[in-house]
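What follows is a single structure, written as C-alpha cells, with notes after it.
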Amino acid sequence: MKKDLEKIEEELKEGADLEAILEKYDWKDFESLVASIFAEKNYRVKTAHRFKHDGRHQVDVLAQGFGEVFCVDCKKWSDRKGKVSALKKSVLEQKLRTQALKNSEGHKTDVYPLIVTLLQEEIETHGNIPVIPVWKLNSFLDEFPQNRKNLHKAD
C-alpha cells in the first residue's frame, strides 16, 4: 500500500480529488489506506482482526498506541438511498463490537469505536461515536487528545 499512498499523493499534487482517486480502489485497499494512516502516526496496526466473544467478530482495523485502542470499521460506500440510517446502524454495531473486543481481550487501555468513511457524511457522530471521512483521519488523530473526553469508549 505504500506505493499506492505515494501514487495517491502524486495525484493529489496534480490536483485530483481524493474521493475520485479512492473510488478506483476496492474496499480492502481502502482498509489498508486507513491502517497506513494510523501506522504513519506510530500506532501498531492489525487489519481484519478476528476474535470471539459471545460469537465471532471482525474489526477492519485495530490501532493501538499512546494509551488507547481504536476499533475501526471502514465504510467505502458511495452515495445511496438510506445511507444515514445504515450508518447509524453500523455505528451501533461497531459500539457492540468494541465492547466485545474489550471484554474478550482484556484491554487495560481505553478502547474507542470509530467509523471511517470514503465520503463526508451527513452525520459526524452518533452516540458520541465519530463518523469521519478518510481525508480527515489525520487531523482527527492529531486532535484526539483534546477531544477524547467527549467520545464514547468501551466500559
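Applying a threshold of 9 Å to beta carbon distances and a minimum spacing of six or more residues, or different chains, the list of pairs starting in the range 86-105 at a residue that is farther than 17 Å from residue 68 by Cβ and ending at one that is polar (S, T, N, Q) reads 87/117; 91/125. Scanning the range 45-76 for residues that are surrounded by 13 or more Cβ atoms within 10 Å (Cβ to Cβ), among the aliphatic types (A, V, I, L, M) and within 19 Å of residue 91 (Cα to Cα), we see that the one that is nearest to the chain's Cα centre (by Cα) is 72.
With the structure loaded, tell me whether residue 17 is loosely packed, with under 14 Cβ neighbours inside 10 Å and touching a residue at least 24 places away in the same chain (Cβ under 8 Å) or whether it fails that test.
Values: loosely packed, with under 14 Cβ neighbours inside 10 Å: yes; touching a residue at least 24 places away in the same chain (Cβ under 8 Å): no.
Judged against the criteria, residue 17 is not a match.
Answer yes if at least one residue in the range 19-31 is of a type in the set (Val, Ile, Thr), more than 17 Å from the chain's Cα centre (by Cα) and either at pLDDT below 95 or closer than 24 Å to residue 153 by Cα (or both), and no otherwise. Scanning the range 19-31, I find at least one residue that is of a type in the set (Val, Ile, Thr), more than 17 Å from the chain's Cα centre (by Cα) and either at pLDDT below 95 or closer than 24 Å to residue 153 by Cα (or both), so the answer is yes.
The values are calculated or read from the model by the stated rules, or taken from the named source; none is laboratory data. Remember, it's a predicted structure, so these values are computed and weren't measured experimentally. Cβ atoms come from the backbone with ideal geometry, glycine included; neighbour counts cover every protein chain shown.
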